[in-house]
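The values are calculated or read from the model by the stated rules, or taken from the named source; none is laboratory data. What you are looking at is a predicted structure, and each value in this text was computed from that prediction instead of being measured. Cβ sites come from the backbone with ideal geometry, for glycine too, and all protein chains shown count toward neighbours.
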Amino acid sequence: EAGKPVYKRILLKLSGEALMGDDAYGINGAMLAGIVAEIRSVAELGVEIGVVIGGGNIFRGMAGASTGMDRATADYMGMLATVMNGMALSDALRQAGINSRVQSALSIEQVVEPYIRGKAIRYLEEGRIVVFAGGTGNPFFTTDTAAALRGSEIGAEIVLKATKVDGIYTADPKLDPQATRYTRISFDEAISRNLRIMDATAFALCRDQRLPINVFSIFKPGALKRVVAGEDEGTFVHV
Ligand code: UDP
């Protein structure tokens, strides 16, 4: 049946940049509302959704380190940025009448609950969206790795990586008009062709756990729903 979900539980990775929209910094209200609408369209189908949220719209550890800041300190600041984004997303979901919880890998108990795997799984079973903030809780990692990690932990069937580009291309489509999009590619082929889909740690974890990845554009209306329906949307990375 067309439009019927092929996954019961998914892990959606949203970069901080997705929340930024066309702004240069921070959280764009219209963009956030758009993302909430996309998430709602999938939640309505009964799909259980965990979200790992990035922080690049506010702060990146590498950027801090490049100005002379201690890298680990800068990374903790980046993790705190993801908590702010997680709170904003959860609040926008609440305003749209969608139940969600934020769990953080860093404990900041006055504002968000700590990450507890069993509790997260229970929330998902109850139909709530769980927003995983704070990345992995460790410096020198990324929220892509947090997506691979939480996706594995909650038993998600796929990691959906929302980006600005609608998939993985043979070359940069902005520079090369001949570039074509891969509809499907294996982990091994992506490695041999040197395609950067996620950072190496995240990619290796998904591959080890046989957790497929679908890269798609969050700016394309209906794309998330089509991915969840198993349609050709973006690039599907398989074992
Ligand atoms: N970060 C970290 N450990 C993690 C996840 C994130 O140290 O497990 C820090 C890191 O400094 C990173 C920042 O948080 O630059 C924001 O995360 P990320 O760059 O992954 O966000 P995105 O690119 O998805 O917006």
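Would you confirm whether any residue within the stretch 111-118 is over 17 Å from the mean Cα position of the chain (by Cα), more than 16 Å from the ligand (Cβ to nearest atom) and assigned to a loop (DSSP other than H, G, I, E, B)? So far as the stretch 111-118 goes, yes, one or more of its residues are over 17 Å from the mean Cα position of the chain (by Cα), more than 16 Å from the ligand (Cβ to nearest atom) and assigned to a loop (DSSP other than H, G, I, E, B). With respect to the conditions (1) within 27 Å of Asn138 (Cα to Cα); (2) touching a helix residue (DSSP H, G or I) at 6+ places or on another chain (Cβ under 7 Å); (3) more than 7 Å from the ligand (Cβ to nearest atom), Gly68 lacks only one, and its number is (2). Residues in the stretch 119-135 that are out of contact with any Leu (no Cβ under 6 Å at 6 or more places or on another chain) and within 16 Å of the ligand (Cβ to nearest atom): Phe132, Ala133, Gly135. Evaluate the following for Gly86: is it crowded, with 17+ Cβ neighbours inside 10 Å, out of contact with any Lys or Arg (no Cβ under 9 Å at 6 or more places or on another chain) and at pLDDT below 95? It is false that Gly86 is crowded, with 17+ Cβ neighbours inside 10 Å, out of contact with any Lys or Arg (no Cβ under 9 Å at 6 or more places or on another chain) and at pLDDT below 95. Restricting Asn85, Asn99 to those that are within 14 Å of the ligand (Cβ to nearest atom) and of a type in the set (S, T, N, Q) reduces the list to Asn85. Inclusion of Ile158 among residues that are buried (at least 21 other Cβ atoms within 10 Å of the Cβ), touching a strand residue (DSSP E or B) at 6+ places or on another chain (Cβ under 6 Å) and under 24 Å from Val228 (Cβ atoms) is warranted.
Selection within the stretch 1-54: residues that are in a loop (DSSP other than H, G, I, E, B) and acidic (Asp, Glu). The member of this set that is nearest to the ligand (Cβ to nearest atom) is Asp23.
Determine if the stretch 194-209 includes at least one residue that is over 27 Å from Ile35 (Cα atoms) and either touching a Lys or Arg at 6+ places or on another chain (Cβ under 8 Å) or of a type in the set (Asp, Glu) (or both). The answer is yes; a qualifying residue exists.
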